[in-house]
Amino acid sequence: MSTFQHGDLKVPAGTRANGVLGEVQQASGNAITVPYTVVNGRQDGPTFVVIAGSHGNEVVGTGAAIEFARSLDPSELSGTVISVPAVNMPAVSAGVYVSPVDGINMSGPHYWDSEENGSTSRRLGALVGAVLERADFVVDVHGNNEPCSPMSMMFLENAKDEATAEVAVRMAEAFGATPVDMSAPTAHPAWLGPMDVYPAATALARGIPALMVELNGARTLVDSRRGTQGLTAILREIGMLPSATQKYEDDTRIPGRFGYWGALSASAAGIVWVRHPAGVPFSAGDLLLEITDMYGEVLEAVRAPVDGFCWWYPGAPYGQATHALPAGSTVALLAERR
Ligand SMILES: [Zn+2]
């Protein structure tokens with residue numbers, strides 16, 4: 001294996017190094033930097049890139065990317081692992097979903113072919129994009145707030161070809177949490193949602209096997225270990241680490257195959273009561289939620305439209321997860337059994 005070089009950072013075979021991808025100047029006179037770690041294996045092999053923190057209030061993924069990179073033994077590794085744990089560093093620092101500098105959601109089209117001369121997020125995206133250009137595999141780590149259950153998102157309809165999709169499925173199965181094919185959700189038949197420009201979907205479209213994963217408890221590092229273990233299991237699956245004597249399993253995995261049904265909305269405004277836990281399979285017609293008024297009278301009963309499971313009861317407004325709802329809120333993200 002030869003020395004890995006990216007910008008000024010040189011990482012000899014069989015070693016690990018930390019650096020920053022670059023910096024974006026701010027009015028304060030300080031610059032925003034993008035920390036990253038390279039683990040260069042002793043043996044030849046592909047380049048695996050893990051990114052996290054595109055949504056800055058999902059620090060659980062940042063923890064997973066950091067712990068994963070530190071846990072690897074370069075002498076065991078075939079190929080190169082690059083970990084960028086906070087691609088949207090200003091949002092991670094501020095603990096907010098989108099960039100506090102320019103309001104951009106960095107889980108978007110900001111990495112490949114990005115604008116080096118654009119606003120702060122686009123410049124940060126260009127710095128990270130230069131790493132993603134080198135990737136043979138990509139995993140983008142996110143997290144949801146409780147009530148939720150871990151899962152992985154496979155954007156299979158975006159894949160350039162069957163071979164790329166097939167490897168993405170293997171990565172998802174190795175990661176361990178229940179995989180959901182995000183293609184063509186039933187509830188949104190003409191849907192061309194913003195997820196088409198997510199980094200994992202973009203990577204797949206470019207022929208790079210990729211996965212997006214959702215851990216539990218976005219705001220803390222309690223569930224980061226699940227991400228570390230799943231990422232390590234992916235390296236074993238794709239041959240960058242020796243295979244394990246015992247297969248890694250995530251105890252939240254629901255047997256079977258699942259596809260994205262869609263985002264379920266409620267009509268009523270009120271307090272929402274979860275009547276069926278996230279991550280537990282349900283049958284069509286099962287009661288999932290009740291929305292009540294301020295006296296506890298039921299205004300709306302929300303039932304499962306199909307057999308499947310809910311991976312997140314987000315509440316409203318979207319991404320902030322309060323269960324006091326205005327009318328017309330998205331109340332559940334559902335996977336259906338296929
Ligand atoms: Zn996210």
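Read the figures in this text as sums done on the coordinates, not as results from a lab. Everything numeric here is computed off the predicted structure, so don't read it as measured data. Cβ coordinates were reconstructed from backbone atoms using ideal geometry, including for glycine residues, and neighbour counts include every protein chain displayed.
For this structure, a couple of remarks:
- Taking each DSSP H run with n ≥ 4 as -39500 (n - 2.57) and averaging over every residue of the chain yields -6000 deg cm²/dmol at 222 nm.
- Compared with the direct C-alpha span, the chain from SER93 to GLU162 gains 20.9 nm at full extension, assuming 0.36 nm per residue.
- Unit charges at the beta carbon, dipole of the stretch 234-338: most positive-side option, LEU235, SER265, ALA284: LEU235
- Dipole axis of the chain (+1 Lys, Arg; -1 Asp, Glu on Cβ), positive-most option in VAL274, VAL59, GLY19: GLY19
- The stretch 243-266-the stretch 1-62 distance, computed between alpha-carbon centres (Å): 29 Å
- Where trypsin sites (Lys or Arg not before Pro) fall in DSSP loop in the stretch 257-319, at most 16 other Cβ within 10 Å: ARG257, ARG275
- Each Lys and Arg adds +1 at its Cβ and each Asp and Glu adds -1 at its Cβ; summed about the Cα centre, the chain shows a dipole of about 520 debye.
- Loop-located GluC sites (Glu not before Pro) across the stretch 91-180 with a Cβ neighbour count of 11 or fewer within 10 Å are lacking, with loop assigned by DSSP.
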